[in-house]
Amino acid sequence: MPNWAEQVTAIATAVGAVGLLSALGAAFFAGKQVREARLGRQAEVAADFFRRWSDEAMVQTRRLVARYPTKEALHDAFVQYVHENADEAYVMYRELDYFEQLGALEEHGGFSFAMIEALLGPRLVERYELWRPSIEAIGGSAAYPMFERLAKKMEARLSTAGSVRPA
């Protein structure tokens, strides 16, 4: 039969093991809550951000952009509007700024790329290609680097998935 010291040691070891298991369980639970909170915040930010796409100002922008049947026609009109400092230039800048902000949010962890892929996918690449000549006219990659980076990342992802349509 074990002596009193051995019994106390065994009990203390058992209590320590239970405490360790409880701490690990609490850490796991806390990690899960943090992850769920982060996902909830991302979903909320995403909902607000994508709601902006349908607000009156962005609808006005998309209607203006849709007037031009090709990216070259859009480029010519945009360059003219910028040159004239016309109101239409600032309306068009809304879409470029929207995608630049989306790229920055993704770059800095505010949005998951998977969410952007699920919600926009090939449309993001299509919009970038539509705007690319205009972006080049106002400064190239330096003008909207986050939009370009995000579009290229999406294009690479889609091409590995076999989803990009031929140009």
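The values are calculated or read from the model by the stated rules, or taken from the named source; none is laboratory data. Nothing here was measured: the structure is a model prediction, and the numbers come from that model. Note: ideal-geometry Cβ built from the backbone for every residue, glycine included; neighbour counts use all protein chains shown.
Within region 48-167, which helices (runs of 4 or more DSSP H) (wholly inside it) include 3 or more residues that are in contact with a Phe, Trp or Tyr (Cβ under 8 Å, 6 or more places away or on another chain) and not hydroxyl-bearing (Ser, Thr, Tyr)?
Values: elements: 56-66, 71-84, 87-107, 113-119, 122-137, 145-161.
In region 48-167, 71-84, 87-107, 122-137, 145-161 are the helices (runs of 4 or more DSSP H) which contain 3 or more residues that are in contact with a Phe, Trp or Tyr (Cβ under 8 Å, 6 or more places away or on another chain) and not hydroxyl-bearing (Ser, Thr, Tyr).
Looking at GLU117 and the list (1) over 27 Å from GLY40 (Cα atoms); (2) at pLDDT below 95; (3) touching a Leu at 6+ places or on another chain (Cβ under 9 Å), which single condition is not satisfied?
With respect to (1) over 27 Å from GLY40 (Cα atoms); (2) at pLDDT below 95; (3) touching a Leu at 6+ places or on another chain (Cβ under 9 Å), GLU117 is out only on (1).
Considering each residue of region 77-106, count those that are more than 23 Å from the chain's Cα centre (by Cα) and polar (S, T, N, Q), and give that number. If you could, list the steps in order and put the result at the bottom.
Step one: list which residues in region 77-106 are more than 23 Å from the chain's Cα centre (by Cα), which gives 77-90.
Still in the list and also polar (S, T, N, Q): 80, 85.
Number of matching residues: 2.
Read through the list (1) surrounded by fewer than 17 Cβ atoms within 10 Å (Cβ to Cβ); (2) within 30 Å of THR160 (Cβ to Cβ), then give the number of the only condition that GLU95 fails.
Against the list (1) surrounded by fewer than 17 Cβ atoms within 10 Å (Cβ to Cβ); (2) within 30 Å of THR160 (Cβ to Cβ), GLU95 comes up short only on (1).
Give me the pairs, please: first residue somewhere in region 130-152 and in the same structural domain as VAL79 (by TED's automatic domain parsing) and over 14 Å from MET92 (Cα atoms), second residue anywhere and among the polar types (S, T, N, Q) and part of a helix (DSSP H, G or I), beta-carbon distance under 6 Å, and either six or more positions apart or on two chains.
From residues that are in the same structural domain as VAL79 (by TED's automatic domain parsing) and over 14 Å from MET92 (Cα atoms), the pairs are GLU148/SER141.
So that you can scan it fast, the table gives a plain yes or no per residue for (1) at pLDDT 70 or above; (2) surrounded by 10 or more Cβ atoms within 10 Å (Cβ to Cβ):
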site	(1), (2)
TRP4	yes, no
ALA12	yes, yes
LEU21	no, yes
LEU24	no, yes
VAL45	yes, yes
VAL59	yes, yes
HIS75	yes, yes
GLN80	yes, yes
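Restricting the first residue to region 73-102 and requiring it to be of a type in the set (Gly, Ala, Ser), which pairs with a second residue that is modelled with pLDDT of 95 or more and not in a helix (DSSP H, G or I) meet a Cβ separation below 6 Å and a spacing of at least six or different chains?
Filtered contacts from region 73-102: ALA77/TYR68.
Quick check on my filter: what residues within region 137-154 are over 11 Å from the mean Cα position of the chain (by Cα) and surrounded by fewer than 18 Cβ atoms within 10 Å (Cβ to Cβ)?
Within region 137-154, ALA137, ILE138, GLY139, GLY140, SER141, ALA142, ALA143, PRO145, ARG149, LYS152 meet the criteria.
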